[in-house]
Amino acid sequence: MGTTHHLAYFGMEGSGPTVREAKADAGRKIEAALSGRYVPFLIRHGAYLAIIWREPTCGALGYAYKITDTDTGTGSVEGYSHGWTQEEVRGVCAKHLAQLAGSTTGLEQFLSAADIRDAATYSAWQTRYASARREGQDDAGARQAAGSLCTVA
């Protein structure tokens, strides 16, 4: 078995059986990273704003997203993908938005029926957990009171 050369060529990782082929691999990755669209996509959901953008450091088809609470400027959530399409990342981002806001209303175009059911289950669990905490239970007690994540109240 031969040696595999790993290198960074103009900031892109490349590998191959020779230095020349490792540079060619990096060159192909650079070309793929520079092709396509880099127009960001925004999703507004309640007090939250998400921006999805193509991120070359995530690979040729990598996307990243960031969610911020626009009322407070806090609550930043970030996600990164390697090789997912923008549509797939929109779905993942929409799931995060649904969890943060406790609602899928307005996000249906990005979510499957199963995603919407999962979000309802998660939101119901969070509501039961928060209620138990308000009643003075510690984390372990509130988790027990909230029950299984698979149980919708």
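Quick notes
- Of the residues contained in segment 103-118, one or more are found to be of a type in the set (Lys, Arg), modelled with pLDDT of 90 or more and exposed (fewer than 15 other Cβ atoms within 10 Å of the Cβ).
- Segment 93-115, residues that are over 13 Å from Phe41 (Cβ atoms), free of Cβ contacts under 8 Å to residues at least 12 places away in the same chain and not β-branched (Val, Ile, Thr): Glu108, Ala113, Ala114
- Residue in segment 71-79 that is within 11 Å of the chain's Cα centre (by Cα) and over 20 Å from Gly46 (Cα atoms) present: no
- Where Phe41 falls short, out of the listed (1) over 30 Å from Ala101 (Cα atoms); (2) surrounded by 14 or more Cβ atoms within 10 Å (Cβ to Cβ): (1)
- Scanning segment 49-58 for residues being over 22 Å from His96 (Cβ atoms) and among the basic types (Lys, Arg) gives a total of 0.
So that you can scan it fast, the table gives a plain yes or no per residue for (1) outside the structural domain of Asp69 (by TED's automatic domain parsing); (2) surrounded by fewer than 16 Cβ atoms within 10 Å (Cβ to Cβ); (3) under 26 Å from Ala98 (Cβ atoms); (4) touching a strand residue (DSSP E or B) at 6+ places or on another chain (Cβ under 6 Å):
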position: Ser15; (1), (2), (3), (4): yes, yes, no, yes
position: Thr18; (1), (2), (3), (4): yes, yes, no, no
position: Ala26; (1), (2), (3), (4): yes, no, no, yes
position: Ile30; (1), (2), (3), (4): yes, no, no, yes
position: Ala47; (1), (2), (3), (4): no, yes, yes, yes
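- Selection within segment 13-23: residues that are touching a Gly at 6+ places or on another chain (Cβ under 8 Å) and not in a helix (DSSP H, G or I). The member of this set that is farthest from Lys95 (Cα to Cα) is Pro17.
- Subset of segment 58-83 [among the hydrophobic types (A, V, I, L, M, F, W, C) and either surrounded by fewer than 17 Cβ atoms within 10 Å (Cβ to Cβ) or at pLDDT below 80 (or both)]: Cys58, Ala60, Leu61, Val77
- Among (1) without any contact (Cβ under 8 Å) to a residue 12 or more places away in the chain; (2) surrounded by 14 or more Cβ atoms within 10 Å (Cβ to Cβ), the one test that Glu55 misses: (1)
- Number of the exception - Phe10 against (1) surrounded by 11 or more Cβ atoms within 10 Å (Cβ to Cβ); (2) touching a helix residue (DSSP H, G or I) at 6+ places or on another chain (Cβ under 8 Å): (1)
- For segment 70-106, the set of residues classified as touching a His at 6+ places or on another chain (Cβ under 9 Å) and over 18 Å from Tyr122 (Cα atoms) consists of Gly79 only.
- If the condition is being farther than 30 Å from Gly14 by Cα and touching a residue at least 24 places away in the same chain (Cβ under 8 Å), then segment 73-92 contributes Gly75, Gly91.
The values are calculated or read from the model by the stated rules, or taken from the named source; none is laboratory data. Being a predicted model, the structure only gives us computed values, none of them experimental. As a convention, Cβ positions derive from the backbone with ideal geometry for all residues, glycine included, and neighbour counts pool all protein chains shown.
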